[in-house]
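Working notes, beginning with the structure itself.
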Amino acid sequence: MAGRTICFAVVAASFALLGSITAPAQDAFPSRPITVVVPFPPGGSADPLMRLIGQKMSASIKQSIVIDNKGGGGGNIAAKAVKQAAPDGYTLFMANMSTHAVNPSLYADLGFDPIKDFQPITLLLSFPSILVVPAASPATTMAELATLAKTKPGGLSYASQGVGSGGHLLGEMLRTKVGVPMVHVPYRGAAPAVQDLIGGRVDFLFASYLSAGPSVEAGSLRILALTSQKRSATLPNVPTMAEAGFPGIELDVWYGIMAPAGTPAPIVKFLHDEFVKAARSAEVQKMVQPQAAEIVTSTPDEFSALISADIVRLGKVVRDAGAKAE
């Protein structure tokens, strides 16, 4: 009996050894480049920031961070692509307020569930919008813009970064507040919207200072107001919408990093720690501070709670403003 036991032990050990030889080795994460899908074309509000964070993170983890700009569909196209990716940490999504909090109320069928199909990792950025008009516009204040809207045949036209973007939602809020028709002109990102605004093809735009600030500084655009609750230290002379006579038109846009649902917890923790470290670096802070924006990091659970709350809060704003996906 003892001999049979020894024999079985030898056979089991042999199979174990064979398995250890033939089984593929488990590579430590990350063992290859990580792709971050950005749901807007290059040049948008958070695109330069994501590229800088990617550079900092790449130096830390010794792997490339590839930025894949995938615009269109109000961010839904990119979100669906990441939802379908393997939950292995190598395909991530730069989510934002539009894709995960506004679009659920704008679209009858997103093609993804903003809660069930994604694993939040961390918030990265938060910023208000500025309302800008062409330098040649006769409106130099919000009151003058409202008057212009009421007297211009057909009303004013406003550009946005796309259907469901912060610019779209704010434009609808202003339209409701002023009480006159306005024409929404969606673009595939902030950069082309800014260019058409400079050219006078649209009347105004709500955008981040990251996107429109350089044109303001160059004298091509004029700021009329800011959508935050208080004035920005970067723009101390710009009134809030409430100060300009339009209370209730307040909105801070956020961006953050997500992975497909089912991504293993150790990988989520690794990515969280590395993104937070990169976002809080001196170089990133130096880039963000002059742009009326703020680095805001979070735990995965805090990020998840924000999304759930904003779906309810902004869903009401969407319905009250009458915003719809064209």
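The values are calculated or read from the model by the stated rules, or taken from the named source; none is laboratory data. The model shown is predicted, which means the values in this text are computed figures rather than measured ones. Heads up, the Cβs are rebuilt from the backbone with ideal geometry, glycines too, and the neighbour counts pull from every protein chain shown. Ligands, DNA and RNA are stripped out before the accessible areas are found, and what is left, the full protein with its side chains, is counted by its heavy atoms. Shrake-Rupley method; radii C 1.70, N 1.55, O 1.52, S 1.80 Å.
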Neighbours of K80 by Cβ distance under 13 Å: Lys/Arg at +1, Asp/Glu at -1, summed charge -1
According to a simple spin-label model (label point 7 Å from Cα along Cα-to-Cβ), what is the distance in nm between V312 and T151?
-> 4.5
Order these peptides, 272-282, 207-217, by their mean beta-carbon neighbour count within 10 angstrom, highest first.
-> 207-217, 272-282
Identify which of the listed values of volume of the Cα convex hull per residue in Å³ was calculated from the structure shown: (i) 146; (ii) 127; (iii) 399.
-> (i)
Answer rounded, prolate or oblate for the range 169-235, using the Cα gyration tensor with square roots of eigenvalues a ≥ b ≥ c: rounded when a/c is under 1.5, else prolate when a/b is larger than b/c, else oblate.
-> oblate
Here the net charge surrounding D117, from other residues whose Cβ is less than 10 Å away from its Cβ (Lys, Arg +1; Asp, Glu -1), is +2
Say the dipole of the chain comes from +1 at the beta carbon of Lys and Arg and -1 at that of Asp and Glu; which of F246, Q285, A233 then lies farthest toward its positive end?
-> Q285
Share of accessible surface on carbon and sulfur in the range 230-319, whole %, 1.4 Å probe and ligands ignored, is 58
Magnitude of the Cβ-charge dipole of the range 219-288, K/R +1 and D/E -1, about the Cα centre, nearest 20 debye?
-> 140
Counting Lys +1, Arg +1, Asp -1, Glu -1, what net charge surrounds V38 among other residues with beta carbon under 11 Å of its beta carbon?
-> 0
Just the accessible area per residue of the chain, please: how many Å² with a 1.4 Å probe?
-> 44
Point-to-point label distance, K286-I61, nm (Cα→Cβ direction, 7 Å offset) = 2.4
What figure in square angstrom, to the nearest 10, would you give for the accessible area of T147 with a 1.4 Å probe?
-> 80
Overall dimensions of the range 209-318 as given by Cα atoms, namely Rg and Dmax in Å = 17.2, 50
Putting +1 on Lys and Arg Cβ atoms and -1 on Asp and Glu Cβ atoms, find which of V102, S137, I67 reaches farthest to the positive end of the dipole of the chain.
-> I67
Efficiency of FRET from Cβ geometry, S31 and I115, R₀ 35 Å, rounded to 0.05 | 0.70
Mean Cβ-within-10 Å packing, highest first, puts peptides 193-199, 241-247, 177-183 in the order 193-199, 241-247, 177-183
When ranked by the protection proxy of mean other Cβ atoms within 10 Å per residue, highest first, what sequence do the peptides 292-301, 167-176 form?
-> 167-176, 292-301
Points 7 angstrom from Cα along the Cβ direction at K269 and A135: gap in nanometres?
-> 5.4
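If you take every DSSP beta bridge fully contained in the range 114-223, what fraction is antiparallel? Give it as a percent rounded to 5.
Values: 6 of 13 bridges.
Looking only at bridges with both residues in the range 114-223, the antiparallel portion is about 45 percent.
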Take the alpha carbon gyration tensor of the range 37-133, find the square roots of its eigenvalues, order them as a ≥ b ≥ c, and report rounded if a/c is under 1.5; if not, report prolate when a/b exceeds b/c, else oblate.
-> oblate
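Determine the shape class of the range 78-222: with a ≥ b ≥ c the square roots of the Cα gyration tensor eigenvalues, call it rounded for a/c under 1.5, and otherwise prolate if a/b is greater than b/c, oblate otherwise.
prolate
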For the range 252-326 and the range 141-202, what is the separation of their C-alpha centers, rounded to whole Å?
-> 26
So what is the calculated 222 nm ellipticity per residue for the chain, using -39500 (n - 2.57) for each DSSP H run with n of 4 or more, over all residues, to the nearest 500 deg cm²/dmol?
-> -12500 deg cm²/dmol
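In debye, nearest 20: dipole of the chain around its Cα centre with unit charges on the Cβ of K, R (+) and D, E (-)?
120
What is the magnitude of the charge dipole of the range 23-104 about its Cα centre, with +1 placed on the Cβ of each Lys and Arg, -1 on the Cβ of each Asp and Glu, and no other charges, expressed in debye to the nearest 20?
Computed charge dipole of the range 23-104: roughly 60 debye.
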